[in-house]
1. Would you point out the residue of segment 40-53, among those that are surrounded by 15 or more Cβ atoms within 10 Å (Cβ to Cβ) and assigned to a helix (DSSP H, G or I), that is modelled with the lowest pLDDT?
2. Just the residues that are within 10 Å of the chain's Cα centre (by Cα) and modelled with pLDDT of 80 or more, please, taken from segment 63-81.
Amino acid sequence: MACCMASSREPNLRPLLSHASCRQRDTLTQIAGERVTSADAVNTVLSRHRPGERVTIAYIDRTGATRTASVVLAENPHVDVTAVESAGGSLSPAQRAFRDRWLRSQQ
């Protein structure tokens, strides 16, 4: 999986790859000792970790050399917030009232 393809939601790995000298044509192979071969695999591994945790990544660089780096996971600032209803769910009257009160308090 190419390093630039990491599309994790939380925590965010992408900015850490550049700090670890992982570049666009390098291939990410492991995160925290777990093999990753796709964006889904990256997301699965990252879902087991939290921002602030230090993990070791392994990658194959452009020359074919295997490299490792230790990175501290950062919080992903690109969190998608979706209303329950637009995702096919429904709220109980109590949940709807709570959400409405909270939203009004934010104005």
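1. Top of the filtered list is 43.
2. Listed by number, the list holds a single entry, 73.
Table: residues versus (1) at negative phi; (2) without any contact (Cβ under 8 Å) to a residue 40 or more places away in the chain.
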residue: 25; (1), (2): yes, yes
residue: 30; (1), (2): yes, yes
residue: 37; (1), (2): yes, yes
residue: 50; (1), (2): yes, yes
residue: 55; (1), (2): yes, yes
residue: 59; (1), (2): yes, no
residue: 64; (1), (2): no, yes
residue: 68; (1), (2): yes, yes
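The values are calculated or read from the model by the stated rules, or taken from the named source; none is laboratory data. Here the structure is a predicted model, which means the values were calculated and not measured. All Cβ positions, even for glycine, are placed from backbone atoms using ideal geometry, and neighbour counts span all protein chains on display.
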